[in-house]
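Only one structure is covered here, and it is reproduced in the block below.
The values are calculated or read from the model by the stated rules, or taken from the named source; none is laboratory data. Just so you know, these numbers come straight off a predicted model, no measurement behind them. Counting neighbours? That spans all protein chains shown, and the Cβs are built from the backbone with ideal geometry, glycine included. Just the protein is used for accessible areas: all its heavy atoms, side chains included, with ligands, DNA and RNA removed. Shrake-Rupley method; radii C 1.70, N 1.55, O 1.52, S 1.80 Å.
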Amino acid sequence: MPTSDPEKLIAKADKQTKLSLTRWSADWRNATRLYEEAANLFRVAKKNEKAKEAFEKASKGQEMLSSPWDAAKHMESAGALAKELRNWNEVTDFYRRASELYMECGRPQPASDALAKAASALEDAMPDAAVQLYNDASAILEEDGKEQMAFDLYRAATSVYIKLEKYSDAAASLLQLGLAADKCNATNSQCKAYLGAIIVYLYAHDFKQAEKCYNDCSQVDAFLRSDQNRCASKLLSAYTEGDIEEIKRLVQSSTVSHLDHVVIKLARKLPTGDVSSLKTDASKEEEEPLDENDLT
C-alpha cells in the first residue's frame, strides 16, 4: 500500500536524487513523481511552507527531465503559495522563473501571464516591483506581436503609478498603451489613452507637459479627428482662459466618462492648483510686442 505521509515521500525522493556508493545515477523520474505527490498532500493539509518547498523540488525535477512546461507550472504553484505566506520576494522569484521556463517552451502568453500574476500579488506590498513586472509582461507580448493583449497590463501599471503619485510615469504608461493600440489599429483605445495621458498631466498641474502631449498626439491623424481630441482641446482652452466652470463641465462629459476608471477619478477632481496663473501667463504672451527682426 503506497504511503500517504508527505514527509516520508519527500525523504524517499531526496534519497533518489542523491548519488552515493550504491547509487551512481539519480532517478529524477520517480523522485519528481514523489515530490509532486507530497506537494499536493501538503497543500491539501494547508501546510503551505512545506507544499511550497515540495513544488520547488518538483519543478527542479521536471527541469531535469527536460520538461520546462511542467517545471513552470510547479513554479507557479510555489509562487501562489508564497503569496499565501506573504513572502513577497519569493513571489517575484518564483513567477519570474516560471516565466523564463515558459519562454523556453516558446510560449510567450503564459510567460507574460506569470509575470502579471506576480505583479497583481505585489501591488500593495511592493508597488515599485509590481509596475516593473507589469512592464516586463507587456514587453513579452509586444515582442510577440500581441500588442492588444498588453492593453490591460498597461492599464494596471498606470493604476499603480497613480497610487504612487508618479504621474509622469502614469502618463508615459498611457502613451505606451496608445502606441500599442496604434500598432493593432485599435483607434478607440488609442485615442482614450492619449486623452487619459493629457488628463494625468493636468491633474499633476503640469500644463506645459499636457499641452506638449496634446500637440504630439495630434500628429496622429486618428486622434486629430476624434472626440477625445476635441475634448482635450476644449480642456486646454478652458485652462488657458482660467475658466474653472468650463473645466468642471468638460470632465463630466461622456467622452471622459468612457475613459479608464483611474483616469476618470483624476478627471473629476480637476482643476487642481491655481488656473488663474495660466490665464495671466497667456495674457502676457499676447501683450509681448512683435520683434520686427524675428522673422520665424
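The residues of region 174-225 that are among the β-branched types (Val, Ile, Thr) and in a loop (DSSP other than H, G, I, E, B) amount to a single one, VAL220. Residue count for region 225-252 under the criterion of being over 28 Å from the mean Cα position of the chain (by Cα), modelled with pLDDT of 95 or more and small (Gly, Ala, Ser): the result is 3. Every test in (1) modelled with pLDDT under 95; (2) open to solvent by less than 20 Å² (accessible area, probe 1.4 Å) is passed by PHE151 save one, and that test is (1). From the list ILE162, ILE140, the one residue that fits, being assigned to a helix (DSSP H, G or I), open to solvent by less than 30 Å² (accessible area, probe 1.4 Å) and either modelled with pLDDT under 95 or touching a Pro at 6+ places or on another chain (Cβ under 6 Å) (or both), is ILE140.
Taking the stated definitions as given, is ASP169 without any contact (Cβ under 8 Å) to a residue 60 or more places away in the chain and outside any helix (DSSP H, G or I)? Answer is no for this residue.
Looking at LYS269, LYS212, just one residue is more than 20 Å from TYR154 (Cβ to Cβ), among the basic types (Lys, Arg) and touching a residue at least 40 places away in the same chain (Cβ under 8 Å), and that residue is LYS269.
Pairs are defined by a Cβ separation below 7 Å, a sequence spacing of at least 6 or placement on different chains, a first member in region 36-54 that is more than 13 Å from GLY79 (Cα to Cα) and assigned to a helix (DSSP H, G or I), and a second member that is open to solvent by 30 Å² or more (accessible area, probe 1.4 Å) and charged (D, E, K, R); the pairs so defined are PHE42/LYS50. With the condition kept exactly as written, say whether any residue in region 52-67 is touching a Leu at 6+ places or on another chain (Cβ under 6 Å) and more than 15 Å from ALA114 (Cα to Cα). Within region 52-67, one or more residues are touching a Leu at 6+ places or on another chain (Cβ under 6 Å) and more than 15 Å from ALA114 (Cα to Cα).
Looking only at residues in region 257-292 that are part of a loop (DSSP other than H, G, I, E, B) and at pLDDT 90 or above, the one that is nearest to the chain's Cα centre (by Cα) is ASP260.
If the condition is being small (Gly, Ala, Ser) and part of a loop (DSSP other than H, G, I, E, B), then region 112-133 contributes only ALA125. Among the residues of region 64-86, what is the count of those that are in a helix (DSSP H, G or I) and either open to solvent by 70 Å² or more (accessible area, probe 1.4 Å) or on the phi > 0 side of the Ramachandran plot (or both)? Number satisfying all stated conditions: 5.
Taking the conditions (1) modelled with pLDDT under 95; (2) surrounded by 15 or more Cβ atoms within 10 Å (Cβ to Cβ); (3) of a type in the set (A, V, I, L, M) in turn, LEU295 satisfies each one other than (2).
Just to verify a result, which residue in region 114-129, among those that are farther than 23 Å from HIS74 by Cβ and in contact (Cβ under 8 Å) with a residue 24 or more places away in the chain, is farthest from the chain's Cα centre (by Cα)? Filtering first and then ranking leaves ALA125.
Only one of the listed residues (GLU56, GLU104) is surrounded by fewer than 18 Cβ atoms within 10 Å (Cβ to Cβ) and touching a helix residue (DSSP H, G or I) at 6+ places or on another chain (Cβ under 8 Å). That residue is GLU104.
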